[in-house]
Amino acid sequence: MKIVVASSFVPFVDGGGRFIVEWLTERLRAEGHAVERIYLPFIDVPTTMLEQTLAYRLIDVAQSADRLIAIRPPAHVIPHPNKVLWFIHHFRAFYDLWDSNYRSVPDRPESHAMRRRLWHMDGIALREARRVLTISKVVASRLRDFNGVPSEVVYPPLHRPEQFRCDGYGDEILCISRVEYHKRQDLLIEAMRFVRSPVKLRLCGIGLSPDYRRALIGIVERHGLHGRVTLDYRWVGEDEKIDLFANALAIAYVPFDEDGVGYPALEAAPARKAVVTTTDSGAVVELMRDGINGEVLPPDPAAIAGAFDRLYLDRARARRMGEAHAAHVAGMNITWDRVLERMLA
């Protein structure tokens, strides 16, 4: 089959939105399909969103491809008679974040007009698809509630989970993620103010906001957390990441209302590490059984600190939780075989 995999990307930013496209393309080719990957840049700037989206709408692959698989918006607006969506998220500032502190557009008449146009455009593009798959129950709920569109949850798997390993349970809680406000690394640093054990925290990643990076450094300096908190502001390669996971005490991942279950929480499973997350972290919670394979806590620094201390002071419990996380995720059938079966059905 000739398949086009289409998505958008933010220039110079790596992350899950790119991985899912590249890994899917590799798997489809391994199954013998001819695959073309279409990437167009998209910058989430309200004043030019519609013009940028029009560029996608004008792409014509209907004559050259048997199937279009569209992933990150606005790729979902590309027309094709055999279009399948693996929908990652809406333009959230105009949907679920509209009434939240994370909304990035001003409360002006033009913003409301943009929202109405966007909802209308999405309604057309979503209903054109022959099948709508989503990456989590959270995204499926948003599609149902905002757009009235049913969907099927197909969790995105890791690329090569067999690479991950467990070498033990060290002193560090590890968080590897893009450094952005909604990822809430600040919440983890604040938690370190309240720990009573010698547990440490390592934060790895880069982001687009220098202000947020400065804010994180400020929290560390203000509370004298040098030596307890490591801010490793850089992109961590796969081999190094695997080593960090192998020796971590546990994994922390506390984004605000995340669309997907999060690669850090998935990677924790083959590394046999427990996950610490929060009740408002969104789809991450879909992987969790509180108290069994990790802890799901209120987004409160003192509560998170308590989880860090419990893991540090009881390594046998940390090990049991890590092994339970590996078993639980394995039982969820988050595999590329399932992805391809649903994509190509």
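Data table
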{"item": "Helix 210-222 axis, angle to the chain major axis (alpha carbon atoms, nearest 10°)", "result": "10"}
{"item": "Other-chain or far-sequence residues with amide H under 5 Å of residue 274's (modelled H)", "result": "251, 322"}
{"item": "Per-peptide average of other Cβ atoms within 10 Å, ordering 253-262, 268-277 highest first", "result": "268-277, 253-262"}
{"item": "Formal net charge of residues neighbouring residue 283 (Cβ-Cβ distance under 10 Å; K, R +1; D, E -1)", "result": "-3"}
{"item": "Percent RCO, i.e. relative contact order, over region 29-186, from Cα pairs under 8 Å lying at least 6 residues apart", "result": "16"}
{"item": "Calculated from backbone phi, Karplus (6.51, -1.76, 1.60) coupling profile of region 139-152 in Hz, x at Gly/Pro", "result": "5, 4, 5, 5, 4, 5, 6, 8, 10, x, 10, x, 8, 10"}
{"item": "Neighbour net charge for residue 240 - beta-carbon separation under 11 angstrom, K R +1, D E -1", "result": "-2"}
{"item": "Nonlocal amide H pairs with residue 6, under 5 Å, H built at 1.01 Å", "result": "38, 69, 70, 71"}
{"item": "Neighbour-count order for 244, 201, fewest beta carbons within 10 angstrom listed first", "result": "244, 201"}
{"item": "Rg [Å, one decimal], Dmax [Å, integer] - the chain, C-alpha atoms", "result": "20.5, 64"}
{"item": "Cα shape, region 161-330, gyration tensor, a/c 1.5 rule", "result": "rounded"}
{"item": "Spin-label pair residue 47/residue 230, simplified geometry with 7 Å Cα→Cβ offset, distance in nm", "result": "4.3"}
{"item": "Hz values of 3J(HN,Hα) by residue in region 117-123 - Karplus curve (6.51, -1.76, 1.60), Gly and Pro given as x", "result": "5, 5, 4, 5, 4, 5, x"}
{"item": "Formal net charge of residues neighbouring residue 298 (Cβ-Cβ distance under 14 Å; K, R +1; D, E -1)", "result": "-4"}
{"item": "In degrees, nearest ten, helix 238-247 long axis to first principal axis of the chain (Cα)", "result": "40"}
{"item": "Region 27-72-region 127-169 distance, computed between alpha-carbon centres (Å)", "result": "19"}
{"item": "On Cα atoms only, tilt of 315-330 relative to the major axis of the chain in degrees", "result": "20"}
{"item": "Which of 76, 226 has the fewest Cβ neighbours within 10 Å, and the rest in rising order", "result": "226, 76"}
{"item": "Hits among lysines - C-alpha to C-alpha of residue 273 under 30 Å, sequence gap 8 or more where chains match", "result": "137, 183, 200, 241"}
{"item": "Lysines whose Cα lies under 29 Å from that of residue 2, excluding same-chain neighbours fewer than 8 positions away", "result": "83"}
{"item": "Calculated from backbone phi, Karplus (6.51, -1.76, 1.60) coupling profile of region 189-194 in Hz, x at Gly/Pro", "result": "5, 4, 4, 5, 5, 10"}
{"item": "Fluctuation leader among 67, 213, 116 - the chain, Gaussian network, Cα springs under 10 angstrom", "result": "116"}
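All of the numbers you see were taken from the coordinates with simple rules; none came from a lab. Bear in mind that the values here come from a model prediction, so they are computed numbers and not experimental data. Cβ: placed from backbone, ideal geometry, glycine included. Neighbour counts: every protein chain shown.
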